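Here, each number is a calculation from the coordinates, and none is a lab measurement. Small disclaimer: the values here were computed from a predicted structure and weren't measured. Using ideal geometry, Cβ is built from the backbone for each residue, glycine included, and neighbour counts are taken over all protein chains shown.
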Amino acid sequence: MTSPREELLPGTRRALLHRIAVAQSEGRAPSLVAAVAREGRMVWEGARAGADGHAPDARTQYRIGSITKTFTAVLVLRLRDEGLLDLGDPLEKHLPDTGVGEVTIVQLLCHSAGLSAETPAPWWERTPGTLRPTLADVLGDHPVLHPTGRRHHYSNPGYTLLGSLIEALRGAPWEKVLRREILEPLAMDRTTVRPVAPHADGWAVHPWADVMLPEPAEDLGLMASAGQLWSTAADLCRFAVFLAEGDERVLSSASVRELRTPSVPPEAGEWDGGYGLGMQLARHGGRSLAGHGGSLPGFVAGLWVSVEEGVAAVVLANATAGPLVSAVAADLIGIVADAEPRIPEPWRPLPEVDRALLALTGPWYWGTYAFGLKLAADRGLELHPLRGGGRGSRFVVGPDGNWTGLDGYYAGETLRVVRRVNGSVSHIDLGSFVFTREPYDPEADVPGGVDKAGWTGSAS
């Protein structure tokens, strides 16, 4: 049996190399580097280059564009977890006089604030940030294009506002906060706001001829929190593992899971994708992926994580209109997951048994719908329909002895066991729904009561 901690099999490694070789060749990228992480560590890296004297590897810096937004979102969630803000707060509460202060922090995080996608001219990605020294310069005269909270409309200025929010609440530059609170704890010492050798140069490849033109690498100024960063495939693998598992030094697993949770409906026709809080969400090859893509003149980048499979992939290239690296990264995850599926942890019995909880397990009925209640680890419960689809959820126990739904229809709802005066169980109350041991148990407190005549074989 292959251990999930072992290196990838030779056939898998060749398939990965073949995929990036095709991507670099057909995408006409001067260079392309990729890496795969599995079960918490980088297990493969590969690179292809067409320029003489350029041999990148997983420690070569590329510009990662909007993947920067995920870092900014993590910093905002840290502020929330410390009690310094609420995601529902209007921006004005913490960052006054922006002119768009009625939008909320969560709307900025998930791009539903209705703000414009870009800054006023000139094109901010190819001009120095000194041309936009204030937020008013970034937002322009008419920054709000859509009703707030109604639709997903990607906004780079929105993440500039979040960067300024971080600076206001931390009393330090975004760059310094980023390094102190994310990069140093995760040992991402090759992720910087300006390029540090060895790094790739950005190129534009002519669409109709195999010739190249160098692209400028501007310092974005206030727009840095939307797309400034340079990083490596190795560093981004560390970040991908964090986005799957969390790290208490940076952000808890629960808060990281919140980043990956859909927050706004996708645009029409885009039902295979969505957006969480600073993270793009997608379905690819039947798998749920979370991550982000990025681009700036001369560079494209893609990072995806499959939490279920325990696999992440990063692809970086130095061409303005180069390979579709986000799709390539998703393909790399599929190659590994299909060739070497995740080996589940061995089944083990619970270390101890609460007899009272064990007595609650088994069939329960909501009206005539049959459900099964199962005891999980740490006094958790799982409730699922016994036939067909329906409303199922997992529940975690709270300090008051009741349970809270973690997912599904009953996410956030309270499950409590209702007992009679003598201590015996009458029923389970789940968000006001009554679950009984028998369908419409006459001994339980069923809303509306139960006909005293009981069940009958005739409708007459």
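By its C-alpha gyration tensor, with a ≥ b ≥ c as the square roots of the eigenvalues, how is region 168-297 shaped: rounded for a/c under 1.5, else prolate for a/b larger than b/c, else oblate?
Oblate is the answer for region 168-297, as a/c is 1.5 or above yet b/c matches or exceeds a/b.
Between Glu308 and Arg151, the modelled label-to-label distance comes to 3.1 nm, taking each label 7 Å out from Cα in the direction of the beta carbon. In region 59-132, if the dipole is taken from +1 on Lys/Arg beta carbons and -1 on Asp/Glu beta carbons about the Cα centre, which of Val76, Pro128, Ala113 is farthest to the positive end? Of Val76, Pro128, Ala113, it is Pro128.
Simple spin-label estimate for Leu360 and Ala121 gives 6.5 nm between the two label positions (7 Å along the Cα-to-Cβ direction from each Cα). Karplus-derived 3J(HN,Hα) values for region 123-132, using 6.51 cos²θ - 1.76 cosθ + 1.60 with θ = phi - 60°, are 3, 5, 6, 10, 9, x, x, 5, 6, 10 Hz; glycine and proline are entered as x.
Distance between the C-alpha centres of region 57-111 and region 149-219: 14 Å, rounded to the whole angstrom. Computed from backbone phi with θ = phi - 60° and the Karplus coefficients 6.51, -1.76 and 1.60, the 3J(HN,Hα) list for region 93-106 is 4, 10, 9, x, 6, 8, x, 10, x, 6, 5, 9, 5, 5 Hz; x is used for glycine and proline.
Count Lys and Arg as plus one, Asp and Glu as minus one, and take only other residues whose Cβ is under 11 Å from that of Tyr365; the net charge is then -1.
Taking each DSSP H run with n ≥ 4 as -39500 (n - 2.57) and averaging over every residue of the chain yields -6500 deg cm²/dmol at 222 nm. With neighbours defined as other Cβ atoms within 10 Å of a residue's Cβ, the residues Ser253, Ser432 order from fewest to most as Ser432, Ser253.
So if R0 is 60 Å, what FRET efficiency would Arg14 and Val446 give, r being the distance between their Cβ atoms, rounded to the nearest 0.05? In this case the efficiency is close to 0.45. Highest mean first, the peptides 273-286, 409-422 sorted by other C-beta atoms within 10 Å per residue fall in the order 273-286, 409-422.
Taking the Cβ of Ser253 as the center, what net charge do the other residues with Cβ under 11 Å away carry, scoring Lys and Arg +1 and Asp and Glu -1? Around Ser253, the charge tally is -2. Computed about the Cα centre, the dipole magnitude for the chain is approximately 660 debye when only Lys and Arg (+1) and Asp and Glu (-1) carry charge, each at its Cβ. Of all lysines in the structure, those lying under 19 Å Cα to Cα from Lys69, and not within fewer than 8 positions of it along the same chain, are Lys176. Centroid-to-centroid, using Cα positions, region 409-443 and region 233-256 are 39 Å apart. The ranking of Tyr159, Tyr440 from fewest to most other beta carbons within 10 Å of each one's beta carbon is Tyr440, Tyr159. Model label sites at Glu382 and Leu350, defined 7 Å from Cα along the beta-carbon direction, differ in position by 1.3 nm.
Taking amide H as placed 1.01 Å from N in the peptide plane, Arg287 has no amide H partner under 5 Å among residues 5 or more places away or on another chain.
How much FRET efficiency would the formula 1/(1 + (r/R0)^6) give for Leu406 and Arg437, where r is the Cβ-Cβ distance and R0 is 22 Å, rounded to 0.05?
Working: r = 24 Å, r/R0 = 1.11.
Plugging the Cβ-Cβ distance into 1/(1 + (r/R0)^6) gives 0.35.
Given a Förster radius of 30 Å and the C-beta distance between His206 and Ala55 as r, what FRET efficiency does 1/(1 + (r/R0)^6) yield to the nearest 0.05? Numbers along the way, then the final one.
On the way: r = 24 Å, r/R0 = 0.79.
Rounded to the nearest 0.05, the efficiency is 0.80.
In this structure the amide hydrogen of Ala204, modeled in the peptide plane, comes within under 5 Å of the amide hydrogens of Leu213, Glu215, Thr320, none closer than 5 places in sequence on its chain.
Residues of region 58-101 with amide nitrogen under 11 Å from the 7 Å Cα-to-Cβ point of Arg180? From region 58-101, the list is empty. Phi angles of region 284-289 translate, via the Karplus equation with coefficients 6.51, -1.76, 1.60 and θ = phi - 60°, into HN-Hα couplings of 9, x, x, 10, 8, 10 Hz per residue; Gly and Pro are given as x.
Summarising the amide proton neighbourhood of Val264: residues at separation of 5 or more, or on other chains, whose placed amide H is nearer than 5 Å comprise Tyr275.
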